[in-house]
Amino acid sequence: MYKQIKLQEHHIIAGIDSLSVFQALFDSGDYENRSFFILVDENTEKLCLNKLKQYIPAGKKTPVISIPAGEQNKTMETAEKIWQFLTLHHADRGSVLINLGGGVTTDIGGFAASAYKRGISFINIPTSLMGMVDAAIGGKTGVNFNGLKNIVGVFSQPDSIYIFPGFLETLPEQELKSGYAEIVKYALINENNLWEVMKNKRINDFDTLEDLIAFSVLIKAEIVEQDPEEVGIRKTLNFGHTFGHALESFWHKNERAISHGAAIAAGMICESYLSSKINNLTDEALKDIQTTINKNYSWPSLRKEDIPELIHIMLNDKKNQNAKVNCSLLEEPGQCRYDQLIPEELLKEALNHFINEQTNNQ
Ligand SMILES: NC(=O)c1ccc[n+]([C@@H]2O[C@H](COP(=O)([O-])OP(=O)(O)OC[C@H]3O[C@@H](n4cnc5c(N)ncnc54)[C@H](O)[C@@H]3O)[C@@H](O)[C@H]2O)c1
(Lines give C-alpha, C1' and ligand atoms only; values in the text may rest on other atoms or scores of the structure.)
Protein backbone atom coordinates (compact mmCIF):
# COMPACT_ATOMS: atom_id res chain seq x y z
CA MET A 1 0.00 0.00 0.00
CA TYR A 2 1.30 3.41 -0.89
CA LYS A 3 -0.93 6.41 -1.20
CA GLN A 4 -0.27 10.08 -1.46
CA ILE A 5 -3.17 12.41 -0.79
CA LYS A 6 -2.93 16.14 -1.29
CA LEU A 7 -5.03 18.14 1.13
CA GLN A 8 -4.89 21.76 -0.04
CA GLU A 9 -1.19 22.49 0.16
CA HIS A 10 -0.57 19.75 2.74
CA HIS A 11 0.44 16.21 1.96
CA ILE A 12 -0.61 12.94 3.52
CA ILE A 13 1.67 10.08 2.60
CA ALA A 14 0.46 6.68 3.74
CA GLY A 15 2.01 3.26 3.31
CA ILE A 16 5.06 1.16 3.94
CA ASP A 17 7.17 3.51 1.79
CA SER A 18 6.05 6.63 3.59
CA LEU A 19 9.24 6.97 5.64
CA SER A 20 11.33 6.85 2.46
CA VAL A 21 9.30 9.79 1.21
CA PHE A 22 9.95 11.46 4.58
CA GLN A 23 13.69 10.91 4.09
CA ALA A 24 13.56 12.73 0.75
CA LEU A 25 12.20 15.81 2.50
CA PHE A 26 15.62 16.61 3.94
CA ASP A 27 17.02 17.07 0.42
CA SER A 28 14.16 19.24 -0.76
CA GLY A 29 14.70 22.96 -1.20
CA ASP A 30 11.85 23.85 1.16
CA TYR A 31 13.64 22.39 4.16
CA GLU A 32 17.23 23.28 3.40
CA ASN A 33 19.09 24.95 6.26
CA ARG A 34 16.22 24.60 8.70
CA SER A 35 16.56 23.16 12.18
CA PHE A 36 14.46 20.13 13.15
CA PHE A 37 13.19 19.02 16.55
CA ILE A 38 11.47 15.72 17.31
CA LEU A 39 8.68 15.50 19.89
CA VAL A 40 8.09 12.05 21.41
CA ASP A 41 6.41 10.66 24.49
CA GLU A 42 8.18 8.23 26.78
CA ASN A 43 6.83 5.19 24.87
CA THR A 44 7.42 6.40 21.33
CA GLU A 45 10.90 7.50 22.41
CA LYS A 46 11.66 3.88 23.34
CA LEU A 47 9.73 2.09 20.60
CA CYS A 48 9.54 4.33 17.52
CA LEU A 49 12.34 6.90 17.57
CA ASN A 50 15.10 4.56 16.39
CA LYS A 51 12.94 3.35 13.50
CA LEU A 52 12.48 6.97 12.40
CA LYS A 53 16.11 7.94 12.88
CA GLN A 54 17.15 5.48 10.17
CA TYR A 55 15.49 7.84 7.73
CA ILE A 56 17.17 11.02 8.96
CA PRO A 57 20.43 11.83 7.18
CA ALA A 58 23.54 11.05 9.25
CA GLY A 59 24.97 14.19 10.77
CA LYS A 60 21.63 16.05 10.77
CA LYS A 61 21.01 17.29 14.32
CA THR A 62 17.49 16.56 15.56
CA PRO A 63 17.22 17.36 19.29
CA VAL A 64 14.54 15.22 20.97
CA ILE A 65 11.87 16.63 23.27
CA SER A 66 10.38 13.87 25.41
CA ILE A 67 7.11 14.31 27.27
CA PRO A 68 5.35 11.92 29.67
CA ALA A 69 2.79 9.65 27.98
CA GLY A 70 -0.95 9.79 28.48
CA GLU A 71 -4.01 11.99 28.22
CA GLN A 72 -3.40 13.44 31.71
CA ASN A 73 -0.29 15.13 30.28
CA LYS A 74 -2.07 16.89 27.40
CA THR A 75 -1.83 20.13 29.36
CA MET A 76 -0.55 23.69 29.21
CA GLU A 77 2.29 22.62 31.57
CA THR A 78 3.53 20.12 29.00
CA ALA A 79 3.18 22.71 26.20
CA GLU A 80 5.27 25.09 28.35
CA LYS A 81 7.99 22.45 28.66
CA ILE A 82 8.07 22.18 24.85
CA TRP A 83 8.37 25.96 24.51
CA GLN A 84 11.12 26.00 27.15
CA PHE A 85 13.06 23.38 25.21
CA LEU A 86 12.62 25.22 21.91
CA THR A 87 13.80 28.55 23.34
CA LEU A 88 16.73 26.92 25.14
CA HIS A 89 17.81 25.35 21.84
CA HIS A 90 17.30 28.61 19.89
CA ALA A 91 14.53 27.32 17.65
CA ASP A 92 13.66 30.09 15.20
CA ARG A 93 10.74 30.79 12.90
CA GLY A 94 12.21 28.48 10.28
CA SER A 95 12.44 25.53 12.67
CA VAL A 96 10.32 22.42 12.13
CA LEU A 97 8.78 20.27 14.87
CA ILE A 98 8.33 16.59 13.99
CA ASN A 99 5.60 15.05 16.17
CA LEU A 100 6.23 11.32 16.53
CA GLY A 101 3.49 9.68 18.58
CA GLY A 102 -0.16 9.10 19.19
CA GLY A 103 -2.94 11.66 19.28
CA VAL A 104 -1.71 13.24 22.50
CA THR A 105 1.70 13.98 20.95
CA THR A 106 0.35 15.29 17.64
CA ASP A 107 -2.38 17.39 19.37
CA ILE A 108 0.01 19.03 21.83
CA GLY A 109 2.94 19.23 19.39
CA GLY A 110 0.76 20.87 16.75
CA PHE A 111 -0.52 23.33 19.33
CA ALA A 112 2.95 24.14 20.72
CA ALA A 113 4.36 24.65 17.20
CA SER A 114 1.43 26.83 16.14
CA ALA A 115 1.86 29.20 19.09
CA TYR A 116 5.68 29.27 19.25
CA LYS A 117 6.94 32.54 17.70
CA ARG A 118 3.44 32.92 16.22
CA GLY A 119 3.74 29.63 14.39
CA ILE A 120 6.47 27.33 13.13
CA SER A 121 6.09 24.40 10.74
CA PHE A 122 5.25 20.96 12.06
CA ILE A 123 5.08 17.49 10.60
CA ASN A 124 2.98 14.65 12.03
CA ILE A 125 4.21 11.07 12.09
CA PRO A 126 1.46 9.15 13.91
CA THR A 127 2.43 5.95 15.68
CA SER A 128 -0.94 4.83 17.11
CA LEU A 129 -3.90 3.63 15.05
CA MET A 130 -5.95 6.52 16.48
CA GLY A 131 -3.28 8.91 15.25
CA MET A 132 -3.03 7.32 11.80
CA VAL A 133 -6.72 7.29 10.99
CA ASP A 134 -7.81 10.41 12.83
CA ALA A 135 -5.82 12.58 15.25
CA ALA A 136 -2.84 13.44 13.03
CA ILE A 137 -5.07 14.52 10.14
CA GLY A 138 -7.19 17.62 9.89
CA GLY A 139 -5.40 20.36 11.80
CA LYS A 140 -7.19 20.27 15.15
CA THR A 141 -4.55 20.92 17.79
CA GLY A 142 -4.82 21.68 21.48
CA VAL A 143 -4.65 20.75 25.13
CA ASN A 144 -7.09 19.94 27.91
CA PHE A 145 -7.71 22.70 30.44
CA ASN A 146 -9.59 22.94 33.75
CA GLY A 147 -10.73 19.34 33.44
CA LEU A 148 -12.26 20.02 30.01
CA LYS A 149 -11.07 18.11 26.99
CA ASN A 150 -9.42 19.96 24.06
CA ILE A 151 -10.77 23.27 25.34
CA VAL A 152 -7.71 25.37 24.42
CA GLY A 153 -6.36 25.00 20.90
CA VAL A 154 -6.19 26.20 17.33
CA PHE A 155 -6.87 24.91 13.85
CA SER A 156 -3.45 24.59 12.24
CA GLN A 157 -2.42 22.24 9.45
CA PRO A 158 0.82 20.24 9.52
CA ASP A 159 3.12 20.68 6.51
CA SER A 160 2.76 16.95 5.90
CA ILE A 161 1.73 13.69 7.53
CA TYR A 162 3.62 10.41 7.08
CA ILE A 163 1.65 7.29 7.96
CA PHE A 164 3.84 4.23 8.43
CA PRO A 165 1.74 1.22 9.57
CA GLY A 166 4.94 -0.57 10.73
CA PHE A 167 4.82 1.49 13.93
CA LEU A 168 1.73 -0.47 14.97
CA GLU A 169 3.82 -3.59 15.66
CA THR A 170 4.50 -2.37 19.20
CA LEU A 171 1.11 -0.79 19.90
CA PRO A 172 -0.78 -2.54 22.76
CA GLU A 173 -3.98 -4.33 21.70
CA GLN A 174 -6.19 -2.02 23.76
CA GLU A 175 -4.78 0.97 21.83
CA LEU A 176 -5.33 -0.79 18.49
CA LYS A 177 -8.97 -1.28 19.44
CA SER A 178 -9.19 2.36 20.40
CA GLY A 179 -8.22 3.48 16.89
CA TYR A 180 -10.48 0.82 15.36
CA ALA A 181 -13.52 2.62 16.80
CA GLU A 182 -12.84 5.59 14.54
CA ILE A 183 -12.63 3.25 11.52
CA VAL A 184 -16.06 1.85 12.46
CA LYS A 185 -17.26 5.46 12.62
CA TYR A 186 -15.97 6.23 9.09
CA ALA A 187 -17.74 3.12 7.82
CA LEU A 188 -21.00 4.37 9.33
CA ILE A 189 -20.95 8.04 8.32
CA ASN A 190 -19.63 7.87 4.79
CA GLU A 191 -21.25 6.40 1.72
CA ASN A 192 -18.97 3.53 0.79
CA ASN A 193 -18.88 -0.22 1.10
CA LEU A 194 -16.76 -0.14 4.21
CA TRP A 195 -19.66 -0.93 6.55
CA GLU A 196 -20.48 -4.07 4.57
CA VAL A 197 -16.85 -5.16 5.08
CA MET A 198 -16.75 -4.38 8.80
CA LYS A 199 -20.25 -5.37 9.85
CA ASN A 200 -20.29 -8.14 12.48
CA LYS A 201 -16.48 -8.50 12.40
CA ARG A 202 -13.88 -8.33 15.13
CA ILE A 203 -10.67 -6.37 14.64
CA ASN A 204 -8.77 -9.69 14.77
CA ASP A 205 -10.70 -10.98 11.74
CA PHE A 206 -8.56 -8.71 9.53
CA ASP A 207 -5.12 -10.04 8.52
CA THR A 208 -3.89 -6.52 8.02
CA LEU A 209 -5.28 -3.11 8.86
CA GLU A 210 -3.46 -1.35 6.03
CA ASP A 211 -6.43 -1.13 3.67
CA LEU A 212 -8.74 0.04 6.44
CA ILE A 213 -6.18 2.73 7.35
CA ALA A 214 -5.91 3.91 3.73
CA PHE A 215 -9.71 4.01 3.40
CA SER A 216 -10.08 5.99 6.64
CA VAL A 217 -7.37 8.48 5.74
CA LEU A 218 -9.06 9.13 2.42
CA ILE A 219 -12.47 9.69 4.01
CA LYS A 220 -11.12 12.03 6.70
CA ALA A 221 -8.99 13.96 4.20
CA GLU A 222 -11.93 14.44 1.82
CA ILE A 223 -14.20 15.69 4.58
CA VAL A 224 -11.59 18.07 6.06
CA GLU A 225 -10.78 19.37 2.59
CA GLN A 226 -14.41 20.39 2.12
CA ASP A 227 -14.84 21.92 5.56
CA PRO A 228 -11.53 22.58 7.36
CA GLU A 229 -13.03 24.55 10.26
CA GLU A 230 -16.06 22.38 10.98
CA VAL A 231 -18.93 24.60 9.99
CA GLY A 232 -20.74 21.89 8.01
CA ILE A 233 -19.95 18.37 6.82
CA ARG A 234 -16.94 17.97 9.13
CA LYS A 235 -19.46 17.77 11.98
CA THR A 236 -20.41 14.28 10.73
CA LEU A 237 -17.04 13.13 12.12
CA ASN A 238 -18.53 13.80 15.56
CA PHE A 239 -20.93 10.86 15.30
CA GLY A 240 -20.62 8.98 18.62
CA HIS A 241 -18.56 11.76 20.19
CA THR A 242 -21.17 13.72 22.19
CA PHE A 243 -22.04 10.69 24.33
CA GLY A 244 -18.52 9.28 23.89
CA HIS A 245 -16.76 12.33 25.36
CA ALA A 246 -19.23 12.49 28.27
CA LEU A 247 -18.70 8.81 29.07
CA GLU A 248 -14.91 9.17 28.72
CA SER A 249 -14.85 12.14 31.16
CA PHE A 250 -17.23 10.37 33.56
CA TRP A 251 -15.26 7.12 33.67
CA HIS A 252 -11.92 8.98 33.96
CA LYS A 253 -13.23 11.07 36.84
CA ASN A 254 -14.44 7.95 38.63
CA GLU A 255 -11.12 6.18 38.19
CA ARG A 256 -12.44 3.68 35.69
CA ALA A 257 -10.37 5.05 32.83
CA ILE A 258 -10.91 3.63 29.34
CA SER A 259 -9.38 4.48 25.98
CA HIS A 260 -10.78 7.33 23.89
CA GLY A 261 -11.91 4.89 21.19
CA ALA A 262 -13.72 2.54 23.58
CA ALA A 263 -15.68 5.55 24.88
CA ILE A 264 -16.53 6.60 21.32
CA ALA A 265 -17.70 3.04 20.61
CA ALA A 266 -20.11 3.29 23.58
CA GLY A 267 -21.15 6.74 22.29
CA MET A 268 -21.94 5.23 18.88
CA ILE A 269 -24.35 2.75 20.51
CA CYS A 270 -26.17 5.61 22.30
CA GLU A 271 -26.26 7.80 19.21
CA SER A 272 -27.38 4.94 16.95
CA TYR A 273 -30.28 4.44 19.35
CA LEU A 274 -31.09 8.16 19.01
CA SER A 275 -30.79 7.77 15.23
CA SER A 276 -33.47 5.07 15.37
CA LYS A 277 -35.75 7.37 17.38
CA ILE A 278 -35.16 10.60 15.43
CA ASN A 279 -34.13 9.54 11.92
CA ASN A 280 -35.85 6.16 11.65
CA LEU A 281 -32.62 4.18 11.44
CA THR A 282 -33.98 0.65 10.97
CA ASP A 283 -34.03 -1.91 13.82
CA GLU A 284 -31.86 -4.19 11.68
CA ALA A 285 -29.19 -1.51 11.22
CA LEU A 286 -29.27 -0.67 14.94
CA LYS A 287 -28.85 -4.35 15.78
CA ASP A 288 -25.90 -4.75 13.36
CA ILE A 289 -24.16 -1.70 14.82
CA GLN A 290 -24.64 -2.90 18.39
CA THR A 291 -23.49 -6.43 17.59
CA THR A 292 -20.36 -5.19 15.81
CA ILE A 293 -19.42 -2.80 18.62
CA ASN A 294 -20.20 -5.27 21.42
CA LYS A 295 -17.94 -7.85 19.76
CA ASN A 296 -14.96 -5.51 20.02
CA TYR A 297 -15.42 -3.55 23.25
CA SER A 298 -16.31 -3.86 26.91
CA TRP A 299 -16.78 -1.01 29.35
CA PRO A 300 -16.76 -0.27 33.07
CA SER A 301 -20.19 -0.56 34.65
CA LEU A 302 -22.66 2.26 34.37
CA ARG A 303 -25.69 2.64 36.65
CA LYS A 304 -29.00 4.45 36.19
CA GLU A 305 -27.96 6.72 39.11
CA ASP A 306 -25.03 7.94 36.93
CA ILE A 307 -27.34 9.37 34.25
CA PRO A 308 -27.85 12.88 35.79
CA GLU A 309 -24.08 13.46 35.96
CA LEU A 310 -23.66 12.33 32.35
CA ILE A 311 -26.45 14.68 31.23
CA HIS A 312 -24.75 17.51 33.12
CA ILE A 313 -21.47 16.81 31.30
CA MET A 314 -23.24 16.72 27.93
CA LEU A 315 -24.94 20.05 28.62
CA ASN A 316 -21.41 21.55 28.72
CA ASP A 317 -20.32 20.02 25.41
CA LYS A 318 -18.63 22.58 23.17
CA LYS A 319 -20.78 21.55 20.16
CA ASN A 320 -24.04 22.60 21.87
CA GLN A 321 -26.29 25.31 20.46
CA ASN A 322 -28.62 27.47 22.57
CA ALA A 323 -28.06 25.20 25.58
CA LYS A 324 -29.30 22.16 23.58
CA VAL A 325 -27.13 19.09 23.09
CA ASN A 326 -26.09 18.80 19.44
CA CYS A 327 -25.40 15.43 17.81
CA SER A 328 -24.57 14.06 14.38
CA LEU A 329 -26.86 11.09 13.79
CA LEU A 330 -27.29 8.37 11.19
CA GLU A 331 -30.17 8.13 8.75
CA GLU A 332 -28.83 4.79 7.60
CA PRO A 333 -25.33 3.28 7.59
CA GLY A 334 -23.41 5.54 5.21
CA GLN A 335 -25.67 8.60 5.69
CA CYS A 336 -25.09 10.99 8.56
CA ARG A 337 -26.92 14.23 9.33
CA TYR A 338 -25.37 16.92 11.54
CA ASP A 339 -26.79 19.65 13.83
CA GLN A 340 -29.51 17.54 15.38
CA LEU A 341 -30.62 19.07 18.69
CA ILE A 342 -31.66 16.47 21.22
CA PRO A 343 -34.25 16.98 24.00
CA GLU A 344 -33.04 16.00 27.49
CA GLU A 345 -35.62 13.18 27.80
CA LEU A 346 -34.13 11.42 24.76
CA LEU A 347 -30.58 11.79 26.14
CA LYS A 348 -31.75 9.91 29.25
CA GLU A 349 -33.53 7.31 27.14
CA ALA A 350 -30.38 6.63 25.08
CA LEU A 351 -28.27 6.17 28.22
CA ASN A 352 -30.90 3.86 29.70
CA HIS A 353 -30.84 1.88 26.46
CA PHE A 354 -27.04 1.52 26.68
CA ILE A 355 -27.24 0.37 30.33
CA ASN A 356 -29.97 -2.18 29.54
CA GLU A 357 -28.03 -3.45 26.52
CA GLN A 358 -24.93 -4.03 28.63
CA THR A 359 -26.92 -5.78 31.37
CA ASN A 360 -28.55 -8.09 28.78
CA ASN A 361 -25.18 -8.90 27.24
CA GLN A 362 -23.54 -9.96 30.50
N1 LIG B 1 -6.88 16.29 16.63
C2 LIG B 1 -7.83 15.44 16.30
O3 LIG B 1 -8.51 15.58 15.27
C4 LIG B 1 -8.05 14.24 17.17
C5 LIG B 1 -8.85 13.19 16.72
C6 LIG B 1 -8.97 12.05 17.53
C7 LIG B 1 -8.35 12.01 18.76
N8 LIG B 1 -7.61 13.07 19.16
C9 LIG B 1 -6.92 13.03 20.46
O10 LIG B 1 -5.95 11.99 20.42
C11 LIG B 1 -5.78 11.45 21.71
C12 LIG B 1 -5.93 9.95 21.64
O13 LIG B 1 -4.98 9.45 20.74
P14 LIG B 1 -4.14 8.12 21.05
O15 LIG B 1 -5.12 7.06 21.35
O16 LIG B 1 -3.16 7.94 19.98
O17 LIG B 1 -3.46 8.52 22.44
P18 LIG B 1 -1.93 8.54 22.93
O19 LIG B 1 -1.14 9.50 22.18
O20 LIG B 1 -2.03 8.73 24.41
O21 LIG B 1 -1.40 7.09 22.60
C22 LIG B 1 -1.93 5.98 23.31
C23 LIG B 1 -0.82 5.19 24.02
O24 LIG B 1 -0.09 4.46 23.04
C25 LIG B 1 1.32 4.74 23.16
N26 LIG B 1 1.87 4.56 21.84
C27 LIG B 1 1.70 5.34 20.74
N28 LIG B 1 2.29 4.78 19.68
C29 LIG B 1 2.86 3.63 20.09
C30 LIG B 1 3.57 2.59 19.46
N31 LIG B 1 3.79 2.60 18.13
N32 LIG B 1 4.00 1.55 20.21
C33 LIG B 1 3.72 1.50 21.55
N34 LIG B 1 3.04 2.44 22.21
C35 LIG B 1 2.61 3.50 21.48
C36 LIG B 1 1.38 6.13 23.73
O37 LIG B 1 2.61 6.36 24.37
C38 LIG B 1 0.22 6.09 24.72
O39 LIG B 1 0.62 5.46 25.89
C40 LIG B 1 -6.81 12.12 22.61
O41 LIG B 1 -6.19 13.16 23.32
C42 LIG B 1 -7.81 12.68 21.61
O43 LIG B 1 -8.47 13.83 22.11
C44 LIG B 1 -7.43 14.17 18.40
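The values are calculated or read from the model by the stated rules, or taken from the named source; none is laboratory data. Note that the structure is a prediction, hence the values are computed from the model and not measured. Virtual Cβ from ideal backbone geometry, glycine too; neighbours counted across all protein chains shown. The protein model used for the area step is the full one, side chains on, heavy atoms only, and it has no ligands, DNA or RNA in it. Shrake-Rupley method; radii C 1.70, N 1.55, O 1.52, S 1.80 Å.
Using a 1.4 angstrom probe on the protein heavy atoms only, could you order R303, R93 from most to least accessible area? Can you show the working numbers first?
On the way: R303 125, R93 155 Å².
So, going from the largest accessible area down, we get R93, R303.
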Using 20 Å as the cut-off for backbone N distance, which residues of the stretch 279-317 belong to the label zone defined by a point 7 Å from the Cα of K253 along Cα→Cβ?
299-317
Could you identify which residue out of R337, R256, R118 has the top mean-square fluctuation in a GNM of the chain using Cα springs shorter than 10 Å?
R118
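According to the square roots a ≥ b ≥ c of the eigenvalues of the Cα gyration tensor, what is the shape class of the stretch 2-170, taking rounded for a/c under 1.5, prolate for a/b larger than b/c otherwise, and oblate for the remainder?
Because its axes are fairly even, with a/c under 1.5, the stretch 2-170 counts as rounded.
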In nm, to one decimal, how far is the modelled label at H90 from the one at N50, with both set 7 Å along Cα→Cβ?
3.2
Under the rule of at least 5 residues apart or a separate chain, name every residue whose amide H is placed under 5 Å from the amide H of N150.
N144, F145
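Tell me, what % of the accessible area of the stretch 173-361 is carbon and sulfur with a 1.4 angstrom probe?
Working: 3630 of 8240 Å².
C and S fraction of accessible area: 44 percent.
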For the stretch 229-248 versus the stretch 187-214, the gap between their alpha-carbon centres in whole angstrom:
20
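By how many nm would the segment from N356 to F206 lengthen if fully extended, with 0.36 nm per residue of separation less the alpha-carbon distance? Numbers along the way, then the final one.
Numbers: separation 150, 0.36 × 150 = 54.00 nm, distance 3.00 nm.
Fully extending the segment from N356 to F206 adds 51.0 nm.
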If you roll a 1.4 Å probe over the heavy atoms of the protein chains, what accessible area per residue do you get for the chain, in Å²?
44
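May I ask you to give the percent of accessible area on the stretch 2-170 that is carbon plus sulfur, with a probe radius of 1.4 Å?
Working: 3680 of 7270 Å².
Within the stretch 2-170, the accessible surface is 51 percent carbon and sulfur.
Tell me, what is the percent relative contact order of the chain, built from C-alpha pairs under 8 Å that lie six or more residues apart? Write down the numbers at each step before the final one.
Numbers: 635 pairs, mean separation 51.5, N = 362.
After rounding, I find 14 percent.
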Only helical DSSP H runs with n ≥ 4 go in: add -39500 (n - 2.57) per run for the chain, normalise by residue count and round the 222 nm mean residue ellipticity to 500 deg cm²/dmol.
-13500 deg cm²/dmol
